[in-house]
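The values are calculated or read from the model by the stated rules, or taken from the named source; none is laboratory data. Bear in mind that the values here come from a model prediction, so they are computed numbers and not experimental data. Here Cβ is always computed from backbone atoms with ideal geometry, including for glycine, and neighbour counts include all displayed protein chains. When the accessible area is computed, the model is the full protein with side chains, heavy atoms only, and any ligands, DNA or RNA have been set aside. Shrake-Rupley method; radii C 1.70, N 1.55, O 1.52, S 1.80 Å.
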Amino acid sequence: MAADVKMLFCVGLIVVLTGVGKSALIGKTHGSGGEDLVLQYVVNNSLREHPVLTKLRLRTLQDQWSIMMVSSDQAQFMANLIRLINATKAIEIGMYTGYNALSMALAMPENGRVVACEIQDSYINIAKPFFKEAGVQNKIDIQHQTAMKTLNELIAAGEAGTYDFVFIDADKGNYDNYYEKSLELIRKGGVIAIDNVLWSGKVVNPAPSDQTSQSLDALNKKLHKDQRIDLSMLTVGDGLTLAIKR
């Protein structure tokens, strides 16, 4: 399993870091990156989107905060990771309208479980009909409360060290806390995926007043030194870090 995942990381890095324009390195295909011809080529020649995922993506694009949605190519990449490690238990910290939670659930076997953390009623109400239409509503456990409360409850319930995959994509100021809790919940060899780690490039030289970029930069530096994990930072979407628990 570890060899397969490491091979996928290496291939992904080679593809991303060679032969593409600078604008293609940072961006979401449904955001500013959508105008990049290379990114569109990637989508046109690799995306295999479930019909319900397509419907949910189009519905989400009607929302004023649709830029928060995970890029479809990134979601597919993480779904393939889930298949590679045979994941049956995952956590999503920051579900939004459920595009990535649905993608993960579709990649899992019938006994799979996705714990999806979301505090906004309106987003949950958008997500539920699509989960049902795709036939995976029983796989997705929506937790309508703060993510920290859910993570603490899972640990208290004895679920530490039992999860295969965690995706962190919520309030950036809490990323470090989410990461530490995720390390408790993930099994050895499990993957923690952290979104938006490049923050449109603002993490390179964070402005003194930009607390979000400073927080992400601090976490990036912390993970680089963290000997509890193996690490890859990918220029996918707005930056995606993959941390594999040792």
What number comes out for accessible area per residue over the chain if the probe is 1.4 Å? Units Å², please.
47
Kindly provide the GluC sites (Glu not before Pro) of the stretch 71-161 that DSSP labels as loop, not H, G, I, E or B, and whose Cβ sees at most 16 other Cβ atoms within 10 Å.
110, 159
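All other residues with a Cβ under 9 Å from the Cβ of residue 151 taken together, and with Lys, Arg as +1 and Asp, Glu as -1, what is their net charge? Present the calculation step by step, with values, prior to reporting the outcome.
On the way: positive: 149, 181; negative: 153, 184.
The answer is 0.
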Net charge (Lys, Arg +1; Asp, Glu -1) of residues whose beta-carbon lies under 10 Å from that of residue 240, residue 240 excluded, is -3
Per-residue ellipticity at 222 nm attributable to helices in the chain (runs of n ≥ 4 DSSP H, -39500 (n - 2.57) apiece, nearest 500 deg cm²/dmol) works out to -13500 deg cm²/dmol
By accessible area with a 1.4 Å probe, ligands and nucleic acids excluded, highest first: order of 122, 66, 209:
209, 122, 66
According to a simple spin-label model (label point 7 Å from Cα along Cα-to-Cβ), what is the distance in nm between residue 246 and residue 61?
4.4
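Set the Förster distance to 22 Å, then compute FRET efficiency between residue 48 and residue 133 from the Cβ-Cβ distance, nearest 0.05. Show your work: numbers first, answer last.
Values: r = 18 Å, r/R0 = 0.83.
In this case the efficiency is close to 0.75.
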Specify whether the C-alpha gyration tensor of the stretch 37-245 places it in the rounded, prolate or oblate class, a ≥ b ≥ c being the square roots of the eigenvalues: rounded for a/c under 1.5, otherwise prolate if a/b is larger than b/c and oblate if not.
rounded
Whenever you get a sec, line up 221, 132, 139 from highest to lowest accessible area (probe 1.4 Å, protein heavy atoms).
132, 221, 139
Summed residue charge, Cβ within 15 Å of residue 173's Cβ, Lys/Arg positive, Asp/Glu negative
-3
Expressed as a percent, the accessible surface of the chain that is carbon or sulfur, using a 1.4 Å probe and the full set of protein chains, is 54
If the chain between residue 40 and residue 80 were fully extended at 0.36 nm per residue, the gain over the current Cα-Cα distance would be 12.4 nm
Taking R0 as 25 Å, what FRET efficiency do you get between residue 153 and residue 125 from their Cβ-Cβ distance, rounded to the nearest 0.05?
0.65
Pull up the DSSP beta bridges for the chain and report the antiparallel fraction as a percent, rounded to 5.
40
